[in-house]
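Reading through the structure tokens given below for one structure.
The values are calculated or read from the model by the stated rules, or taken from the named source; none is laboratory data. All values derive from a computational prediction rather than experimental measurement. FYI the Cβ positions are ideal-geometry reconstructions off the backbone, even for glycines, and counts take in every protein chain you see.
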């Protein structure tokens, strides 16, 4: 059914903020409410000032106030754009779990009790499939969900999806779309990979050369928009076509690898996290070791979308922008 009043979470983030302004430009919506503990970026706020139907509400999705906001606004569509797999900076596991898991639980409780909600769109991650020497060569949406490590972002993502499935069973009248995004890159997105491939020497684990997939931010936004404006229930992998090996990505970024014994990655990662350079988490190290590739046939055939950027094109565009910025800073 058509969406009239949409609530978007996580609008202070790169993805949620741009989705808010993008939906604001779509005809047919009566009202769009962005929710987060911090406002969107200045650029997004400037755009929102020209869009009368869009508003920002400073609220924590873990707060019971959210349910009142949804009911009073008669929100019929909820887009949960807040969860992220790999924070770019130092982000601790406990704070990420609070936002991703506890926040999702509270949001779903608010949706459960709302008589108006008819559609839920959730931005998840391909990290739910894990990364290990026993991983499948290519994951389909029906694959078993196995966290990469005992705690961290992949485990949080598996928990999050479990709560979403439980909600879908309780509210059969609500159309639920779960989008499992590969790691998102773009010229102006601050992500764990934009920071990782900007290091003068890129630390890798000796003897491993994983296969990686990336997704251009514009493709991620297009998929979120379509899931919001059209009826696209189900679970979908979303990634650019093709793969890059870690060694290929490092070369294309114009950087040099720094192969390290596996045991040395933990102290090196700790130094980088403490310096707020890049969050080399245990999840990220496992991904860099073993890689992860997903099948996107369902996205193309059932959802009706083919990403405009391949994995290689998305990565190259992001790298060119980072390289150009480094050049300007040296001048």
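Here are the numbers for this structure:
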{"read-out": "Boolean, residue 40 is at pLDDT below 90, assigned to a loop (DSSP other than H, G, I, E, B) and within 27 Å of residue 105 (Cβ to Cβ)", "value": "yes"}
{"read-out": "Qualifying residue in the stretch 200-210 (condition: within 25 Å of residue 305 (Cβ to Cβ) and buried (at least 20 other Cβ atoms within 10 Å of the Cβ))", "value": "no"}
{"read-out": "The stretch 289-315, subset over 18 Å from the mean Cα position of the chain (by Cα) and over 27 Å from residue 176 (Cβ atoms), residue surrounded by the most Cβ atoms within 10 Å (Cβ to Cβ)", "value": "289"}
{"read-out": "Qualifying positions in the stretch 275-316 - in a helix (DSSP H, G or I), modelled with pLDDT of 95 or more and touching a strand residue (DSSP E or B) at 6+ places or on another chain (Cβ under 8 Å)", "value": "298, 299, 302, 303, 311, 312, 313, 314, 315"}
{"read-out": "Residue within the stretch 258-274 that is assigned to a loop (DSSP other than H, G, I, E, B) and surrounded by 22 or more Cβ atoms within 10 Å (Cβ to Cβ) present", "value": "no"}
{"read-out": "Residue list for the stretch 248-257, restricted to those being in contact with a strand residue (DSSP E or B) (Cβ under 7 Å, 6 or more places away or on another chain) and assigned to a helix (DSSP H, G or I)", "value": "249, 250"}
{"read-out": "Residues that are part of a strand (DSSP E or B), more than 19 Å from residue 140 (Cα to Cα) and in contact with a helix residue (DSSP H, G or I) (Cβ under 8 Å, 6 or more places away or on another chain), drawn from the stretch 162-183", "value": "none"}
{"read-out": "Test for residue 6: is it buried (at least 16 other Cβ atoms within 10 Å of the Cβ), assigned to a strand (DSSP E or B) and on the phi < 0 side of the Ramachandran plot", "value": "yes"}
{"read-out": "Hits in the stretch 160-195 (condition: within 30 Å of residue 118 (Cα to Cα) and under 15 Å from the mean Cα position of the chain (by Cα))", "value": "160, 161, 177, 178, 179, 180, 181, 182, 183, 184"}
{"read-out": "Filtered residues of the stretch 205-220 (kept if out of contact with any helix residue (DSSP H, G or I) (no Cβ under 6 Å at 6 or more places or on another chain) and either closer than 24 Å to residue 294 by Cβ or not in a loop (DSSP other than H, G, I, E, B) (or both))", "value": "211, 212, 215, 217, 218, 219, 220"}
{"read-out": "Residue, surrounded by the fewest Cβ atoms within 10 Å (Cβ to Cβ), within the stretch 225-254, restricted to residues that are under 16 Å from the mean Cα position of the chain (by Cα) and within 22 Å of residue 293 (Cβ to Cβ)", "value": "235"}
{"read-out": "Residue match in the stretch 275-283 (condition: under 30 Å from residue 142 (Cβ atoms), free of Cβ contacts under 8 Å to residues at least 40 places away in the same chain and surrounded by fewer than 20 Cβ atoms within 10 Å (Cβ to Cβ))", "value": "no"}
{"read-out": "Flag for residue 123 being modelled with pLDDT of 85 or more and surrounded by fewer than 19 Cβ atoms within 10 Å (Cβ to Cβ)", "value": "no"}
{"read-out": "Subset of the stretch 223-247 [under 24 Å from residue 319 (Cα atoms) and out of contact with any strand residue (DSSP E or B) (no Cβ under 9 Å at 6 or more places or on another chain)]", "value": "241, 242"}
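Table: residues versus (1) over 16 Å from residue 80 (Cβ atoms); (2) touching a residue at least 24 places away in the same chain (Cβ under 8 Å); (3) not in a helix (DSSP H, G or I).
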residue: 136; (1), (2), (3): yes, no, yes
residue: 144; (1), (2), (3): yes, no, yes
residue: 147; (1), (2), (3): yes, no, yes
residue: 155; (1), (2), (3): yes, no, no
residue: 160; (1), (2), (3): no, yes, no
residue: 187; (1), (2), (3): yes, yes, yes
residue: 198; (1), (2), (3): yes, yes, yes
